[in-house]
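The values are calculated or read from the model by the stated rules, or taken from the named source; none is laboratory data. Treat the numbers as computed from the prediction; the structure is a model and nothing was measured. All Cβ positions, glycine included, derive from the backbone under ideal geometry; neighbour counts span all protein chains shown.
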Amino acid sequence: MRSASEASAVETAAEPAIRVEHVSVTYRTSIEKNPTLKTTLMRLGRGERLVSEIKALRDVSFEVPHGTVLGIVGANGAGKSTLMRTIAGILPPTEGRVEVHGRVSTLLALGVGFNRNLSGRENVILGGLAAGLDRDHLEEKYDEIVEFAELEEFMDLPMRAYSSGMYGRLAFSVAVHMDPDILLIDEALSVGDARFRRKSFAKMRELCEQARTILIVSHALGSIRELCDQAVWMHKGTMKLWDAPDAVIDAYTEFLGVREAVIDKEDV
């Protein structure tokens, strides 16, 4: 007979890393299509606002087991980034619920969470503390983060002085060195120059081999094919297909009418 603690551990292990249940996200906007001066003045005079709704996600449900590397593909506006932000807890769902079991590290937009008026060093420390690392662990990680980003001589400068490439390198390094159970990456596999992109890709492969749970949004289908063991095709806010990467990429590129030879060279 199992003890209470053993039973709890088994129950926790049986939980998926991520569970998305009937999630919908609707944006409300007051932007009008083809406004005219006359209609704008009439609405203002009556105190009216024209509000339209954009359904970014529509009743999406799935589970991601621990240790899964899941690629998410789809055209611009398919709901990929909205889905990632909802899983990260940045964007609340309009309907449904999301459960996440484990420490999460996110790279959803390069530099999000950085304070441009603080130094690189201060931003790394704040990011580590926000991720739940204690100060001793953070001190150990700091040198790894800086060395990987190759920004040793710039860490005491305010980040407003950083180029976009420096921003991207530091953001990527922080995200992948926080010992995450779950890593969420949105369009960030192509930061920096060609040499740093190769280095980033090798780091991603290392994390995949460590059985981390990773979700990757990318138009670089060659990366999805090589890194992921499952893939999702998002289309107009719905999950059109979940299958092995080869099957999803083949269906997606056939839908787009993109030649197979282009996949490894261009973003689609």
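General remarks:
- Residue count for the stretch 84-101 under the criterion of being part of a helix (DSSP H, G or I) and either in contact with a Leu (Cβ under 6 Å, 6 or more places away or on another chain) or free of Cβ contacts under 8 Å to residues at least 24 places away in the same chain (or both): the result is 3.
- Index of the failed condition, N76 passing every other in (1) without any contact (Cβ under 8 Å) to a residue 24 or more places away in the chain; (2) crowded, with 16+ Cβ neighbours inside 10 Å; (3) more than 22 Å from M204 (Cβ to Cβ): (2)
- Some residue of the stretch 145-168 being loosely packed, with under 15 Cβ neighbours inside 10 Å, out of contact with any strand residue (DSSP E or B) (no Cβ under 9 Å at 6 or more places or on another chain), modelled with pLDDT under 85 and part of a loop (DSSP other than H, G, I, E, B): no
- Test: L91 is among the aliphatic types (A, V, I, L, M) and outside the structural domain of D59 (by TED's automatic domain parsing): no
- Failed criterion for L138 (all others in (1) in contact with a Gly (Cβ under 8 Å, 6 or more places away or on another chain); (2) surrounded by 20 or more Cβ atoms within 10 Å (Cβ to Cβ); (3) closer than 28 Å to V64 by Cβ hold): (2)
- Members of the stretch 173-201 found to be in a helix (DSSP H, G or I), farther than 27 Å from H101 by Cβ and either in contact with a Phe, Trp or Tyr (Cβ under 8 Å, 6 or more places away or on another chain) or of a type in the set (A, V, I, L, M) (or both), listed by number: A194, K199
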